[in-house]
Amino acid sequence: MTDLIDKTETARMLAEARGANPWVAEARALLVLAAPLVLTQLAQMAIGTTDLILLGRYSQSALAAVAIGNTVYWFAWLLGGGPASAVSPMIAHILGERAGNRGGVRASLRMGLWAVAIVSVVVMPVMWSARPILLFLHQQPDLAKGAGQFVSLVSIGLPFSLSTMVLSGFATSLGHPRAGLWVSMATIIFNALAGWTLIFGHFGAPRLGIVGSGLATSASSIFGFLAMLAIIQSNRDLRAYRMFRRFARPVHVKLAEVFRLGLPIGVTTLFEAMLFNTMTLLMGTFGAAALAAHQIAMNFCSITFMVPLGIGMASTVRVGLAAGAGDIRGARRAGLVALTTGGLFMALSGVFMALLGGSIAGLYLGPGARDDVQVVALAALFLKAGAAFQLFDGVQVVGARVLRGLKDARMPMILAGGSYWLIGAPVCFFLALGLHMGGLGIWIGFVVCLAVAAVAMCARFLRLTRLPG
């Protein structure tokens with residue numbers, strides 16, 4: 001893939017091809033950048049799915065312990081992921097302002113890695129306290145013990161996982177989004193082999209169960225980081241930025257910018273994740289069948305969500321490049337193309353889910369058992385509600401990331417908090433408990449809060465990119 005950021009071209013290339021319709025040119029550039037990012041997100045899901053399959057074959061108690069342990073892990077990872085995500089729009093702005101600005105790019109990259117180290121020092125003690133935290137939340141003692149062991153071990157890989165995210169953002173901003181894809185594909189294989197070996201005790205290794213899963217997960221994070229470093233060093237365009245030059249020298253302005261952008265990004269993601277986790281706990285009060293159906297529907301919606309998420313990540317770069325060049329018209333065009341593309345895909349997936357909800361749910365469970373029939377019926381019902389929010393979910397995730405391309409992070413955080421917790425959570429509780437709609441009420445609440453978030457993010461973007469006159 002040729003480098004999208006050629007040093008000899010001006011920022012006009014970011015929005016327009018020679019003689020071509022600028023909207024068509026922007027759509028092509030977006031898709032070229034987004035396609036590998038979508039596949040990378042799907043590969044990341046495959047890594048997590050592999051862990052669940054292996055642990056499920058080991059024991060149900062191990063699977064349950066890791067499931068509750070992951071609530072602590074993801075809290076730490078999402079907070080750390082904010083500063084790591086800030087590097088991509090920072091680099092895009094630098095290159096949009098002056099293509100080939102190696103010093104500025106290198107400083108942002110270095111401070112992004114510094115930020116990961118700082119955040120890891122803060123959140124890793126939280127991960128080491130997973131067992132008492134889960135006991136405080138009234139989880140079963142045996143599950144809390146296993147979860148504590150798992151989270152303590154995966155904490156080793158946290159700084160490596162976040163650093164890989166920084167490096168992937170660096171490569172993507174420079175027009176090499178496939179670097180992260182190759183790393184993710186290799187990590188799938190490494191993680192599956194390491195997990196199979198350490199969980200079950202193959203190749204002469206001890207049978208470690210949960211401990212083996214934690215070790216394999218951390219080892220996979222370290223492997224992914226080293227693989228990304230190797231790709232960067234083997235690529236002439238990326239290697240030219242000499243990322244480790246003067247690595248120990250602080251750049252206080254860039255470090256402050258990483259946190260100023262990154263912390264609101266992390267909190268924004270937490271607002272959404274916490275809502276869905278809270279509603280999963282509420283769903284559990286309606287019985288095992290409702291909870292199982294909820295997990296099936298959420299898993300399928302998570303798969304479709306990876307497409308607009310990848311488009312959104314690409315849009316951060318596209319909008320950032322134009323904004324850095326002072327091309328507000330190009331930034332608006334890039335954002336609108338991304339919002340339309342993400343929304344169109346999710347609208348189509350919504351139609352698919354509405355028509356084939358029962359068939360989709362049936363793929364997760366075998367027909368025949370009475371409990372399975374009940375779960376499939378509930379999952380099909382939830383998927384119909386999920387079909388209604390597909391468009392909104394796609395638009396809100398792209399909307400948050402086009403705003404990120406404008407370096408607008410604080411207001412999206414406020415909008416997300418209001419959409420999910422001032423509107424979404426009360427609606428979910430009222431419909432599910434007040435009107436006795438149960439699980440369906442929760443899913444209708446999802447539709448409401450995602451619709452509010454989508455409208456709010458789009459309105460904010462249109463306001464910031466309003467053309468004079």
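Of all residues in the range 272-306, those that are under 17 Å from T49 (Cβ atoms) and either modelled with pLDDT of 85 or more or of a type in the set (K, R) (or both) total 9.
Residue-by-condition table, conditions (1) within 21 Å of the chain's Cα centre (by Cα); (2) at pLDDT 85 or above; (3) on the phi < 0 side of the Ramachandran plot:
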{"residue": "A46", "(1), (2), (3)": "yes, no, yes"}
{"residue": "T50", "(1), (2), (3)": "yes, no, yes"}
{"residue": "Y58", "(1), (2), (3)": "no, no, yes"}
{"residue": "A65", "(1), (2), (3)": "no, no, yes"}
{"residue": "G69", "(1), (2), (3)": "yes, no, yes"}
{"residue": "S85", "(1), (2), (3)": "yes, yes, yes"}
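Here the range 421-469 is the region considered, the condition is being within 19 Å of L403 (Cβ to Cβ) and more than 25 Å from the chain's Cα centre (by Cα), and the residue that is least open to solvent (accessible area, probe 1.4 Å) is T465. If you filter the range 245-273 down to residues that are over 14 Å from G103 (Cβ atoms) and without any contact (Cβ under 8 Å) to a residue 40 or more places away in the chain, you find that the one that is surrounded by the most Cβ atoms within 10 Å (Cβ to Cβ) is A256. Residue by residue through the range 235-249, note down the ones that are in a helix (DSSP H, G or I) and under 28 Å from the mean Cα position of the chain (by Cα). Correct list: D237, L238, R239. Applying a threshold of 7 Å to beta carbon distances and a minimum spacing of six or more residues, or different chains, the list of pairs starting in the range 85-108 at a residue that is of a type in the set (G, A, S) and ending at one that is surrounded by fewer than 24 Cβ atoms within 10 Å (Cβ to Cβ) and not in a helix (DSSP H, G or I) reads G96/A325; A99/I5; A99/K7; A99/E9; G100/K7; A107/V251.
Total residues in the range 59-96 satisfying the condition of being of a type in the set (S, T, Y) and crowded, with 20+ Cβ neighbours inside 10 Å: the figure is 4. When the residues of the range 328-368 are filtered to those that are modelled with pLDDT under 90 and not aliphatic (A, V, I, L, M), the one that is most open to solvent (accessible area, probe 1.4 Å) is P367. Restricting attention to the range 160-177, does a residue exist that is more than 20 Å from A92 (Cα to Cα), modelled with pLDDT of 90 or more, buried (at least 19 other Cβ atoms within 10 Å of the Cβ) and under 25 Å from the mean Cα position of the chain (by Cα)? Taking every residue of the range 160-177 in turn, at least one turns out to be more than 20 Å from A92 (Cα to Cα), modelled with pLDDT of 90 or more, buried (at least 19 other Cβ atoms within 10 Å of the Cβ) and under 25 Å from the mean Cα position of the chain (by Cα).
Check whether at least one residue in the range 121-136 is surrounded by fewer than 22 Cβ atoms within 10 Å (Cβ to Cβ) and not in a helix (DSSP H, G or I), and report yes or no. Yes, some residue in the range 121-136 is surrounded by fewer than 22 Cβ atoms within 10 Å (Cβ to Cβ) and not in a helix (DSSP H, G or I).
In the range 340-361, the residues that are of a type in the set (K, R) form no Cβ pair under 9 Å with any partner that is part of a helix (DSSP H, G or I), whether six or more places apart or across chains.
Can you confirm whether A416 is part of a helix (DSSP H, G or I), farther than 12 Å from M279 by Cα and aliphatic (A, V, I, L, M)? Answer is yes for this residue. Against the conditions (1) over 24 Å from the mean Cα position of the chain (by Cα); (2) closer than 18 Å to S85 by Cα; (3) not hydrophobic (A, V, I, L, M, F, W, C), G330 satisfies every one except (2).
Total residues in the range 180-218 satisfying the condition of being over 29 Å from A35 (Cβ atoms) and either assigned to a helix (DSSP H, G or I) or free of Cβ contacts under 8 Å to residues at least 12 places away in the same chain (or both): the figure is 21. Every test in (1) assigned to a helix (DSSP H, G or I); (2) free of Cβ contacts under 8 Å to residues at least 60 places away in the same chain is passed by G386 save one, and that test is (2).
The values are calculated or read from the model by the stated rules, or taken from the named source; none is laboratory data. Everything quoted here is computed from the prediction, not taken from an experiment. Neighbour counts are summed over all protein chains in view; Cβ atoms, including those assigned to glycine, are modelled from backbone coordinates with ideal geometry. SASA here: full protein model, heavy atoms, side chains in, ligands and nucleic acids out. Shrake-Rupley method; radii C 1.70, N 1.55, O 1.52, S 1.80 Å.
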